[in-house]
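One structure is given below, encoded as structure tokens.
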Amino acid sequence: MENFSLTDQRVFTPIEKQMIWKKPASHQTSEEELRIATEIKANWHDPEMKISNVLLEGDAGSGKTQLAKALSFDLQLPYTKVTCFADMDKSDVFGALLPVIESDQEDDQELLAAIEQTDTLDAVLRLIQQHYQIDQQAAKAKLADLVQRIEEQQESAVHYKYYPSEIVRAIEKGYLLEIQEPTVIRDASVLVALNSALETNGLLNLPTGVIQRHPDCVIVITTNRNYQGNRPLNESLRDRMQHAEKMDLPELSVMVERAISKTQVNEPTLLLKMAEIIRLLDETAKANAIKGVAGMRSYFYWVNTMKQNQDIFASIYPKVLYKLTTDPDELHILTTALTDSGLLDELRELIRQKKWGDVSKEVAPVKGRRISEEEAAERQIETLVEETASLGESTAKEEEAVPEETAEEKTQAEPLPLTEERSKDVEGRSQQQLQSEDESEEMSASDMEALDKQLKRELNKEARQLMKNTIHEKEGLIVHRPKFEVGNPEVVAIRREIDPVVDSLSRQILDLLENEESDTYQKGKYEGQRFNASRIAYGDLRQFDKKNPPHEQPSLAVGLRIDESGSMVRDDRILAAKKAAFAVAAFAKRVRIPLLIYGDTADASTREKTSIFSYKEFSDSFDWLEQKLVTMKPRQNNRDGAVLRLIAGKLSEQTATTKLIINISDGQPKALPDYTGVKAKNDIQEVLTEYERQGIVFVSAAIGQDKEEIKEIYGASRFVDITDLTTFPKQMIQLISRYL
């Protein structure tokens, strides 16, 4: 192999030499490894084209970390890594200033921590006696001495010391640094802080000064693709990657080579079939939004069970299937795919041939071959061919009888050890059951119409209140509750198209939310995770603070505004907006996000200057929402500032920690007599400024030709360019997911 070393002239310490990874004998050099090492070496001395930042993105088990370590050996750089976590903050990136604890104080700190757990003076003295192994009199003297030293320390100045992070150490000393899974970090600003260091001659501003990136430093970011718990990688960070690799399962032949090298199981034919099974399970899992991954790790451990003389048809469960999922419905999907593919039967036949030989290819003597009783039982043959039969007769009979019999009875003799029993109607449950659940509305159509009439008056009163002291105060704004048709076929057609997208993305987000914890507490509870001494004076026994799980305090509330101006008729824009609204509504229902959806137009009549269509209020259920959304249509002009102010006013009253308004529009604001140009722009920006101060986030999704004008009005940071309308529903869900 070619020499890719970058550090021939560099002197390492003994510890740094140990940090350079050593390739094991089982390591198989991949095409990706050669490609990256070659490009880094070729461009290393070119200051403009130097490659020092690499992104490896792919599924779990695809070899990302193994490749990063291999590059350490190829480039001869010390290897170190940082594994990111959800609550990572900037101190984990840059290091932290911490108070210096002198050696004679460390024992005091431990003792003070223990004393905090006691509630009486006698208990404190007993604790000191046990800690120092002294009598009670000495314990009292020790306690007095401790109190005196604490008072003296409080009067003296506290000294601090800077403790650098592993990231800082690697950048400063010129190591190969692997940053694992940065996409799990909730705070997107954490890795943005690294942008300056990712430049070839980047700088890091630390509490102790500025350090420059070592010229030998190589940073490799490894992250899973569309994996549970992940968020999109920051765009500016991704742009600073000079080389990126899409890490998928390798070719089947490469999988076999690596398995042989790793496990020393030299059975290429069997390993090839097992690799096909792994690939099938991985593809099936992705197609059905099953959260697990069947990757190289699963493959290696499954193959290794052969060396231990385990039954591979039984070991496939703990080594592969249960790592994908333990959900009975999802296991049924995977095992059904395996059965339908016939790969297990082919693998079973290969094992039989390895044990007894391939009978179909044997050249038998004239009288044929007499098989043993053991082989006959293995092949499910109950009667042997007559000895007097000729070669042609015996061969013909065997070829005709044996396969037909084994194909019919083999699954009974060696069944796949399925332990999950399911009823006949389980298959296809993920689609059919959800559809039936959605169709079983809780409120009748007549009840919904009666409720809409009752709410309309109240909504108009609220709208007039919010428009006071604005340019829209006397413009004749009316809020409507759309009338709907019960059996509208367009509902079924749109749901059929967007349901698979919603199913897949909502499953991933729900998995993410299940693992999140809230840092906020409700005060004044009878029980909880921490004691609140300030509540004792109330005398009501509500003396505890209880941590809020995510479902008790929603992390996000969304207001969706859809432009229903006449220009939305072009290029099926209104249809794309309907589909996006369907997707957002279905997603919000499953993830339990408070949602408001408004459509609007302007200049419907001389009296009605602004028309608002309230498809869903925050207080509404999701009953009949889809039937209302299909009534959306291109109408007249649009007075954006009015509807945005109305949505923002209602959103500001929500208790969610993040409040998001998504504005779907295809053009500039324009309404009679003069609501356009600078006037309209100033009005919209006034709404943005006023409500952003209240914590509301605005995002404008542009789907028409006036994208640059919309971008200028809302600002680049609030602008999203939707070029491909076919993926609009999916993009909307992904956009909302970023704020969860």
Checklist outcome for this item: The rounded separation in angstrom of the Cα centers of region 447-480 and region 580-656 is 13 Å
Checklist entry - Extension gain Thr13-Lys246, at 0.36 nm per residue separation less the Cα-Cα distance, in nm? => result 80.4 nm
Next on the checklist: Based only on other Cβ atoms within 10 Å, what is the fewest-to-most ordering of Met443, Met448, Met241?
Outcome noted: Met443, Met241, Met448
Item to check | Estimated inter-spin distance, Asn469 and Glu151, nm [label 7 Å along Cα→Cβ] | outcome: 5.6 nm
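Given the pairs Lys22/Lys262; Lys474/Lys707; Lys90/Lys161; Lys22/Lys69; Lys291/Lys323; Lys589/Lys616, which span a C-alpha to C-alpha distance of over 20 angstrom in this model?
Result: Lys474/Lys707 exceed 20 Å.
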Checklist outcome for this item: Amide H contacts under 5 Å for Phe719, restricted to residues at least 5 apart in sequence or on another chain and with H modeled in the peptide plane, are Ser700
Checklist entry - Taking R0 as 51 Å, what's the FRET efficiency between Glu257 and Ala493 from their Cβ-Cβ distance, rounded to 0.05? => result 0.55
Next on the checklist: Please arrange Tyr739, Tyr163 by how many other C-beta atoms lie within 10 Å of their C-beta, fewest to most.
Outcome noted: Tyr163, Tyr739
Checklist entry - So, by mean Cβ neighbours within 10 angstrom, what's the order for 700-706, 261-267 with the highest one leading? => result 700-706, 261-267
Next on the checklist: At a 10 Å Cβ-Cβ cut-off, how would you order Phe719, Phe85, Phe12, Phe698, fewest neighbours first?
Outcome noted: Phe85, Phe12, Phe719, Phe698
Item to check | trypsin sites (Lys or Arg not before Pro) restricted to DSSP loop in region 638-740 with at most 13 other C-beta within 10 Å | outcome: Arg693, Arg738
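Any read-out appearing in this document is the output of simple, stated calculations on the displayed coordinates, not a laboratory observation. None of the values given here were measured: they were computed from a predicted structure. Glycine also receives a Cβ, built like all others from the backbone with ideal geometry; neighbour counts cover every protein chain displayed.
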